[in-house]
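Data block below; observations after.
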Amino acid sequence: MSAPAVYRYFPSRDALVAHLVTLSYQQLVAAMSQAVEGSRRAPRARLRQLVAAYRDWALRYRRRYGMLFGEQAGDLPGDATEETPLDQAMALLIDLLTAVQGTPPTDGGSGDRTLDGQLRQWARSQQRPDTPPRAARAAILIWSRVHGIVSLELTGVFDNRPLEAQRLIDSEIDNAVRSLEPEGS
């Protein structure tokens, strides 16, 4: 197909990029969903499967990952109030963390009322209004830390160094899961 022929299907370059971004998010979420779908493993093991699928997809589709999480944040599909495929992936993560945490008698939160309010508001925006602040915080921490490690891995920061990205990721998951435990446990 010639370059001008693309415009028979898309009215502009921005429309083409928006389509590619949406398609890539859908593929990432599908990979993550398939990793845990039908699994009978414990929630903590499914959490590791979910995160491993995220990393595997990023390593396999480096350019798509770069397109999704690079500087072109303006290319995100839809408006900010519309649910995106990334929200679906985050919902999977929240649900697994909530299952790991179980139902504590009280969720003491972070000790920061403002942050706890923001976490509750964020969880509602993810269609998970009953998510305890600790689980919401753990979800954000896992996503941001795994994203950071994977991004560093993709740029070669760990090349020729005695660091294994997967071990760093496992450590971050363990830390986030420990943060779900009630204080004093």
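The values are calculated or read from the model by the stated rules, or taken from the named source; none is laboratory data. All figures in this text were calculated on a predicted structure; none of them were measured in a lab. Positions of Cβ are generated from backbone atoms using ideal geometry, with glycine treated the same way; all protein chains shown enter the neighbour counts. All accessible areas refer to the heavy atoms of the entire protein, side chains included, with ligands and DNA or RNA removed. Shrake-Rupley method; radii C 1.70, N 1.55, O 1.52, S 1.80 Å.
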Review point. Mean Kyte-Doolittle of at least -1.0 and a Cα length of 15 Å or more along the axis: which whole DSSP H helices of the chain meet both?
Key: 13-36, 43-60, 85-101, 133-154, 165-178
Check your understanding: For region 112-185, what's the relative contact order in percent, using C-alpha pairs closer than 8 Å and at least 6 residues apart?
Key -> 28
Review point. Carbon and sulfur atoms: what percent of the 1.4 Å accessible area of the chain do they account for?
Key: 50
Study note, to complete from the structure: Taking 57, 143 and ranking on accessible area (1.4 Å, protein atoms only), highest first, one gets 143, 57
Exercise for review: Using a 1.4 angstrom probe on the protein heavy atoms only, line up 54, 7, 61 by accessible area, largest first.
Suggested key: 7, 61, 54
Point to revise | Percentage relative contact order, the chain, counting C-alpha pairs under 8 Å, at least six apart | key: 21
Review point. With each label point set 7 Å from Cα along the Cα-Cβ vector, what nm distance links residue 166 and residue 113?
Key: 4.6
Exercise for review: Work out the FRET efficiency for residue 6 and residue 59 from their Cβ-Cβ distance, taking R0 = 30 Å, and round it to the nearest 0.05.
Suggested key: 0.60
**Study point:** Over the chain: helical MRE at 222 nm, DSSP H runs n ≥ 4 each giving -39500 (n - 2.57), nearest 500
**Key:** -21000 deg cm²/dmol
